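The values are calculated or read from the model by the stated rules, or taken from the named source; none is laboratory data. Values in this document were obtained by computation on a predicted structure and should not be read as measured data. We place every Cβ from the backbone using ideal geometry, glycine too, and count neighbours over all the protein chains shown. Side chains are part of the model used for accessible areas, which takes the heavy atoms of the whole protein and leaves out ligands, DNA and RNA. Shrake-Rupley method; radii C 1.70, N 1.55, O 1.52, S 1.80 Å.
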Amino acid sequence: MTIAEPEQTEVALEEFEAFDAAAPEGFHVELINGRVLVTPAPDGDHSEASRVVARQVIRHHSDLWLYEERGLAVPAYRAGRARADGAVAPEGYFKGQPSWSDPSGVLMVVEVTSGSEEDANVDRIDKRDAYAQAGLPVYLLIDRHRGEAVVHWDPENGHYQHASTAAFGAKLALPEPFGFDLDTSELA
């Protein structure tokens, strides 16, 4: 007997918005490349990884803030909605914006892997591509599964042109407009 693979169907933005509004508390709902993704709320280690990045960004750039769990409209070739673990933008950038905000003023998005390896692949591939297609200048992935931090930058034609990786414990050079070495020792 053969078991059929689950069918993946594309979801319209209106269908997603209804699903998002009805989702139980404690779950994040996103629309990436036409697929609805539902993930549980982050655990404590996930939050600590975001804190490590936030503290260093603010220390080097006091005019910036890392907004956690920020909903971003990422309108690539399909309407998309990504809930970034962190969105680095000037203080006050999100004031007056809706739940799914315009990402044009975001300087860097941060994702921290959690859950299964399949969930991590969403951050490694699907979200990376969605952020590049939306023209977000820098994408930082804290990959807890692989024990490394990866930075992607310089989006062009829907793809990041550059990437650099550092194992947890090493320093990772962040490109401009950040221009400092992210210390990943606390992530190890």
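If each residue of separation counts as 0.36 nm, what is the full-extension length gain between Lys171 and Arg146 once their alpha-carbon separation is subtracted?
On the way: separation 25, 0.36 × 25 = 9.00 nm, distance 1.58 nm.
Full-extension gain reported as 7.4 nm.
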Remind me, relative contact order of the chain in percent, using alpha carbon pairs under 8 angstrom and six or more residues apart?
-> 14
Could you tell me what percent of the DSSP beta bridges with both partners in the chain are antiparallel, to the nearest 5?
-> 80
Helix 44-60 versus the longest principal axis of the chain: what angle, 0 to 90°, nearest 10, using Cα atoms?
-> 40
Exposed GluC sites (Glu not before Pro) being those in a DSSP loop with at most 14 other Cβ atoms within 10 Å, the longest stretch of the chain free of them is 92-188
Taking amide H positions as placed 1.01 Å from N in the peptide plane, with prolines and chain starts having none, which residues 5 or more places from Val74, or on another chain, fall under 5 Å of its amide H?
-> Gly80, Arg81, Ala82
Give the long-range amide H neighbours of His28: residues separated by 5 or more places, or on another chain, with amide H under 5 Å away, using H modelled in the peptide plane at 1.01 Å from N.
-> Thr39, Ala41
Under a Gaussian network model of the chain whose springs join Cα atoms within less than 10 Å, the largest fluctuation of Thr39, Thr165, Thr113 belongs to Thr39
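Largest first and in whole Å, what are the equivalent-ellipsoid semi-axes of segment 127-188 based on the Cα gyration tensor, each being the root of 5 times an eigenvalue?
21, 13, 7
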Show the residues, 5+ positions off or on another chain, whose built amide H is closer than 5 Å to the amide H of Val112.
-> Asp85, Ile142
With the other protein chains left in place, how much accessible area per residue, in square angstrom, belongs to the chain at a 1.4 angstrom probe?
-> 51
Low-density loop positions, trypsin sites (Lys or Arg not before Pro), segment 90-188 - DSSP coil, at most 11 other Cβ in 10 Å | Lys95
In degrees between 0 and 90, to the nearest 10, how far off the longest principal axis of the chain does helix 13-22 point, with axes built from Cα atoms?
-> 80
Relative intensity, log₁₀ I(q)/I(0), of segment 37-188 from a Debye sum that treats every alpha carbon as a point, q = 0.15 Å⁻¹ | -0.71
